[in-house]
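Undergrad: The structure is given below, and queries will be raised subsequently.
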Amino acid sequence: MRVLDGEQVLIRIFVGEGDRWHHQPLHAALLERLRAEGFAGATVFHGIAGFGARSIVHTASILRLSEDLPVLIEIAKRVASVGIFVPSWF
């Protein structure tokens, strides 16, 4: 069992439900990559509403169904190794 010790930072990655990576949902591809890289854990949250850079509201409301709801991936990472993580992914 892995234990988070020392100072940690919370990394949040916001994507859309419709975002894809090699025909796979982006959130699933990121989760798979994080696990393969040996991260202690990550959590994916499915949002019910949100908007992005274009200010278009995406919502799960029955009156206004959206095909691109917000998805949030949260990762706890040691402070010392965040610099290594961020440039290699973005």
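Taken together, the values in this text are just the output of simple stated rules run on the coordinates, not laboratory data. Just so you know, these numbers come straight off a predicted model, no measurement behind them. Glycine also receives a Cβ, built like all others from the backbone with ideal geometry; neighbour counts cover every protein chain displayed.
Undergrad: Using θ = phi - 60° and the Karplus relation 6.51 cos²θ - 1.76 cosθ + 1.60, list the HN-Hα couplings for segment 24-30 in order, rounded to whole Hz, with x at every Gly or Pro.
TA: 10, x, 4, 4, 5, 5, 5
Undergrad: Something else: For the pair Ala76 and His22, how long in nm is the line joining their label points, each one 7 Å along Cα→Cβ?
TA: Placing both labels 7 Å along Cα→Cβ, they lie 3.0 nm apart.
Undergrad: Here is a follow-up. Distance in nm between label sites at Ala49 and Phe14, each 7 Å beyond Cα in the beta-carbon direction?
TA: Once both label points are built, they end up 1.5 nm from each other.
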